[in-house]
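S.K.: After the structure tokens below, expect a handful of questions from me.
The values are calculated or read from the model by the stated rules, or taken from the named source; none is laboratory data. Please read all numbers here as calculations on a predicted model, not as lab measurements. Please note: Cβ atoms are built from the backbone with ideal geometry, for glycine as well, and neighbour counts cover all protein chains shown.
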Amino acid sequence: MYFRLIADAAALAVPASELTRREFIKFTTLAGSGLTLGLLLPGCGKGAGGGGTTGAAGQPLAMPFVRIAPDNTVTVISKHLEAGQGVWTGLPAIVAEELDAAWEQMRVESAPAKVPTYGNLALDPKGSVQLTGGSTAVANSWEQLRRAGATARAMLVAAAAEQWSVAATEITVSEGVVAHQGRGLKASFGELAGAAATIPVPANVALKDPATFRIVGREKLPRLDSRAKSSGKQQFAIDVMLPGMMTAVVMRPPRFGGKVVQIDADKAKAVPGVVDVVQIPRGVAVVASDMWSAKKGREALSVTWDDSLAEKRSTADLLKEYRALARAAQAPTAHAHGDVDTALAHAVKRVEGEFEFPYLAHATMEPLTAVCRLGADQCEIWAGCQFQTGDQATAAAITGLKPEQVTINTLAAGGTFGRRATPTSDYISEVVSIAKATGGKYPVRLIWTREDDITGGRYRPMKYHRISAGIGRDGKVAYRQRVVGQSIMAGTPFEAAFMKNGIDPTAVEGHAGDQYDFAHVHVSWSRADVGVPVLWWRSVGHTHMAFSKEVMVDELARAAGVDPVAFRLSSLANHPRHVGVLKLAAEKAGWDQPFSKKGGRGRGVAVHESFGSVVAQVAEVTVDGDKLSVDRVVCAVDCGIAVTPDVVKAQMQSGIGYGLSAALYGKVTLTGGHVDQNNFDGYRVLRINEMPRVVEVYIVPSTNPPSGVGEPGTPPIAPAVANAVRAASGIRLRTLPFDLTAARRAPA
Amino acid sequence: MAVKLTVNGEARELDLDPQVPLLWAVRDHLQLTGTKFGCGKALCGACTVHLEGVAVRSCITPLAAVEGRSVTTIEGLATPAGRAVQEAWVALDVPQCGYCQSGQVMSAASLLATNPKPSDGDIDAAMAGNICRCCTYVRIRAAIHQAAATLGSAAPA
């Protein structure tokens with residue numbers, strides 16, 4: 001899994017000459033930080049994580065991942081960001097299960113920024129990087145939190161055994177109550193917490209037999225954050241209020257790569273409420289006593305830019321270049337097996353397709369916001385932080401402090417979809433730079449407006465695919481694909497570790513060679529260099545790779561005269577989990593039943609694996625003229641053990657909506673290097689009236705350890721819908737966002 | 001310049017330019033941060049508050065327009081419709097990231113106050129101004145129906 005490479009990059013002694021000073025500091029601090037940090041907690045003495053208090057009543061049991069308070073609440077310390085994907089419910093469920101807690105006593109809070117304690121084990125088993133992403137939260141926490149819950153349980157039981165002078169084996173734990181049936185004794189977790197804190201932390205603990213799970217896998221486990229989020233009480237970074245805090249907005253270059261030449265701040269400084277105007281690496285910050293004044297101040301700010309090195313091309317220019325690169329004879333090979341050229345030359349059925357994918361903005365509901373309070377030897381940040389280790393290192397580098405002197409308060413994020421983790425900690429770097437430039441005189445809150453967000457870059461890269469596929473006389477499939485587009489990793493500190501043989505794995509992940517038993521597959525990738533900053537966007541490379549693959553597979557099925565589900569099954573013998581979800585989705589959608597196409601109806605299927613999970617979707621649509629409505633989606637998911645089934649279903653619904661939004665409307669374009677869209681009028685997104693009325697989710701029963709659900713629901717929806725449109729109307733959709741009018745006119 | 005208005009049942013006086021949007025007045029000057037900023041152009045609905053019970057977008061409502069009037073934010077929502085909506089939201093676990101949900105709840109409460117038995121089409125029309133990027137729409141619809149059912153079967157006050 002490529003995320004391991006992030007940690008490799010961190011540990012590499014990359015020659016200093018190849019890095020900027022800031023990046024070099026980031027690397028050495030990443031490699032060195034945390035490894036010598038102890039797991040010191042207040043009152044720690046005995047044991048590695050929580051023992052050592054006097055054990056007086058009224059003391060908590062405080063371990064790295066769970067804190068049991070005398071008031072009988074059990075708080076799980078979440079190393080992962082809650083951005084909607086449900087980790088604040090999933091992680092506590094794992095702990096509560098092994099702890100035998102009552103769900104009602106569970107609470108959750110964000111962990112501090114501290115490695116290796118809170119490192120993401122999917123990225124580096126040694127925990128050197130704290131980051132939420134790649135749909136890894138539950139997967140990498142599963143073993144770890146089971147042990148944390150079981151360990152705390154063992155300590156509570158040992159404390160009770162001591163107090164009651166009975167054998168630990170005679171003690172039962174259920175729903176937060178520790179009891180000795182024989183002697184009729186019982187105590188709550190809260191009552192035992194202080195005594196448990198004096199017990200040496202056991203090195204080995206037994207974990208439950210999954211067949212006995214009562215909380216993990218429970219059909220309906222209430223989310224821990226629903227009430228706060230339904231009553232306006234959930235705090236986000238934009239809601240943080242500190243005494244004396246100022247608010248800043250930044251004017252950034254109108255074209256990517258533009259540089260400040262001259263600042264004329266007189267009018268801005270004259271706006272009531274404005275206290276300062278300062279230059280930072282990204283642009284010019286206007287600082288004021290409140291948001292409205294800051295915004296008004298920026299409107300009065302005049303900046304001259306040097307665009308000599310800025311990206312000035314338009315989307316039409318890029319498309320022309322991408323089409324040419326798609327036809328170029330040579331490009332680095334991402335995957336090859338079999339003999340695709342010979343097989344295609346002799347194919348009895350041939351299908352071709354060229355696909356266009358636009359830049360996409362994440363457009364999180366909460367625009368990027370962060371607060372920074374900078375002191376002489378302390379930098380404190382509040383943000384919906386997705387990449388604590390990177391942000392901590394960046395803040396340290398900017399301020400000259402050590403990472404340990406940078407405190408990050410991770411709040412709930414109003415959506416991320418990948419946006420809040422960037423290799424350069426972009427908005428965190430801005431807020432820290434503003435605090436530094438204003439001398440740490442006051443806490444600074446940085447807010448990006450929606451316009452800043454849509455025009456600010458870090459998009460899902462624009463992509464172009466050219467595919468030739470065919471079926472031989474022997475029935476075997478040949479599949480040749482050229483992918484063209486920017487690299488997410490190139491030009492970042494991760495390039496050296498991620499990119500091998502000129503291939504960025506995130507550009508081609510999910511290709512047909514990995515997902516089907518095709519006899520001959522060749523995938524190549526031409527890297528385009530554009531000055532537009534790009535980033536991972538919910539399911540990353542799978543967003544475009546799944547689309548062209550599932551659309552072309554449908555074309556192959558059609559050419560072979562075989563049903564789309566049956567055709568796929570015939571090439572999935574080595575992919576049993578694909579078979580499982582495909583059959584389940586087909587069954588629940590009634591794929592074998594007659595389907596009336598009257599009124600312009602059609603249905604289509606897609607199946608795709610990403611981030612360890614496999615998802616199949618059947619979409620039913622109605623095409624009325626050039627109007628498309630998606631009426632029903634049936635989704636089957638194999639994510640291993642579904643820790644919180646209701647959250648899994650919510651994530652599939654979310655992934656489907658997010659992917660559909662992009663398929664129908666998502667598009668960021670450039671004219672002369674300027675971004676054309678700037679708010680939800682130009683950058684249109686899915687609204688309630690466009691969401692399919694029926695979205696059914698079925699979870700494949702599994703005993704495998706949990707895999708991800710945050711992203712895997714997204715890749716299949718666009719191709720399932722495109723295949724349904726083809727079935728309904730004959731229209732071939734090859735360009736996103738869908739334009740049925742244009743597609744009707746396009747040559748086959 | 002002092003603008004007087006009632007917010008969540010309390011008389012408030014704000015010494016602000018009357019052109020300041022109600023959104024930023026309540027957030028930055030009354031510390032009522034439950035109402036959210038999402039777009040600044042009434043395109044996303046995150047800023048929805050009630051003006052005498054009716055949903056309005058506070059990001060484009062200048063203080064001057066609400067002088068002397070009664071505003072309710074999510075923090076002050078206490079109508080039967082509002083309570084039913086919030087209970088349904090929790091029962092169905094509607095929120096994901098939660099950032100849009102204050103606006104969703106305020107719009108839904110306003111809908112049910114005037115249309116106690118909305119159809120799916122009524123819901124679409126009333127709620128289309130509230131964007132949810134997490135796409136919790138299926139559950140929003142179900143929760144509004146559930147809240148309507150609760151209100152419908154509630155004993156008269």
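S.K.: Of all residues in segment B:86-100, how many are more than 8 Å from chain A (Cβ to nearest Cβ) and assigned to a helix (DSSP H, G or I)? Can you show your working first?
M.R.: Step one: list which residues in segment B:86-100 are more than 8 Å from chain A (Cβ to nearest Cβ), which gives B:87-88, B:91-92.
Remaining after also requiring assigned to a helix (DSSP H, G or I): B:87-88, B:91.
Final tally of qualifying residues: 3.
S.K.: Among the helices (runs of 4 or more DSSP H) contained in segment A:637-748, which hold 3 or more residues that are within 14 Å of chain B (Cβ to nearest Cβ)?
M.R.: Values: elements: A:645-664, A:717-729, A:740-745.
In segment A:637-748, the matching helices (runs of 4 or more DSSP H) lie at A:645-664.
S.K.: Conditions first: (1) closer than 28 Å to A:Y516 by Cα; (2) over 29 Å from the mean Cα position of the chain (by Cα). A:G400 passes all but one, so which condition is the exception?
M.R.: In the conditions (1) closer than 28 Å to A:Y516 by Cα; (2) over 29 Å from the mean Cα position of the chain (by Cα), A:G400 misses (1) alone.
S.K.: If I filter segment A:288-333 down to residues being more than 14 Å from every other protein chain (Cβ to nearest Cβ) and part of a strand (DSSP E or B), which single residue comes out as surrounded by the fewest Cβ atoms within 10 Å (Cβ to Cβ)? Can you show your working first?
M.R.: If we filter segment A:288-333 for residues that are more than 14 Å from every other protein chain (Cβ to nearest Cβ), which is where we start, we get A:300-333.
When the remaining residues are screened for being part of a strand (DSSP E or B), the result is A:302-306, A:333.
Details: A:S302: 13, A:V303: 21, A:T304: 10, A:W305: 18, A:D306: 13, A:T333: 14.
Out of the qualifying residues, it is A:T304.
S.K.: Here's something else I'd like to know. For segment A:68-95, which residues satisfy the criterion of being β-branched (V, I, T) and within 14 Å of chain B (Cβ to nearest Cβ)? Don't jump to the end; show me each part of the working.
M.R.: Let us first name the residues in segment A:68-95 that are β-branched (V, I, T), namely A:68, A:73-77, A:87, A:89, A:94-95.
Matches in segment A:68-95: A:V87, A:T89.
S.K.: Okay, next question. Residues of segment A:179-205 being buried (at least 21 other Cβ atoms within 10 Å of the Cβ) and either assigned to a loop (DSSP other than H, G, I, E, B) or not assigned by TED's automatic domain parsing to the domain that holds A:N72 (or both), which ones?
M.R.: A:A197, A:T198, A:I199
S.K.: Here is a follow-up. Tell me which residues, restricted to segment A:472-484, are out of contact with any helix residue (DSSP H, G or I) (no Cβ under 6 Å at 6 or more places or on another chain) and either in a strand (DSSP E or B) or at pLDDT below 95 (or both). Spell out the reasoning first.
M.R.: From segment A:472-484, those out of contact with any helix residue (DSSP H, G or I) (no Cβ under 6 Å at 6 or more places or on another chain) are A:473-477, A:481; that's our starting set.
Correct list: A:V477, A:Q481.
S.K.: For the condition at pLDDT below 95 and among the polar types (S, T, N, Q), what is the one hit in A:Q59, A:Q130, A:Q105, A:Q85?
M.R.: Values: A:Q130 fails: at pLDDT below 95; A:Q105 fails: at pLDDT below 95; A:Q85 fails: at pLDDT below 95.
Matching residue, one of A:Q59, A:Q130, A:Q105, A:Q85: A:Q59.
S.K.: So, in segment A:610-619, exactly how many residues are crowded, with 24+ Cβ neighbours inside 10 Å and farther than 16 Å from A:Q653 by Cβ? Walk me through how you get there before you give the answer.
M.R.: Within segment A:610-619, the subset crowded, with 24+ Cβ neighbours inside 10 Å is A:610-611, A:613-619.
If we keep only those that are farther than 16 Å from A:Q653 by Cβ too, we end up with A:610-611, A:614.
The total comes to 3.
S.K.: Which residue, of A:G625, A:G673, is modelled with pLDDT under 95 and farther than 30 Å from A:V138 by Cβ?
M.R.: Numbers: A:G673 fails: modelled with pLDDT under 95.
Being modelled with pLDDT under 95 and farther than 30 Å from A:V138 by Cβ holds for just one of A:G625, A:G673, which is A:G625.
S.K.: Okay, next question. Exactly one of (1) β-branched (V, I, T); (2) in contact with a Ser or Thr (Cβ under 6 Å, 6 or more places away or on another chain); (3) away from chain B (no Cβ under 14 Å); (4) within 27 Å of B:R133 (Cβ to Cβ) is unmet by A:V138. Its number?
M.R.: (2)
S.K.: Among (1) within 12 Å of chain B (Cβ to nearest Cβ); (2) farther than 15 Å from A:A370 by Cβ; (3) of a type in the set (A, V, I, L, M); (4) in contact (Cβ under 8 Å) with a residue 24 or more places away in the chain, where does A:V240 come up short?
M.R.: (2)
S.K.: Oh, and also: Of the residues A:A413, A:A478, A:A469, which is within 14 Å of chain B (Cβ to nearest Cβ), buried (at least 24 other Cβ atoms within 10 Å of the Cβ) and over 18 Å from A:T543 (Cβ atoms)?
M.R.: Details: A:A478 fails: within 14 Å of chain B (Cβ to nearest Cβ); A:A469 fails: within 14 Å of chain B (Cβ to nearest Cβ).
Selected residue: A:A413, the only one of A:A413, A:A478, A:A469 that is within 14 Å of chain B (Cβ to nearest Cβ), buried (at least 24 other Cβ atoms within 10 Å of the Cβ) and over 18 Å from A:T543 (Cβ atoms).
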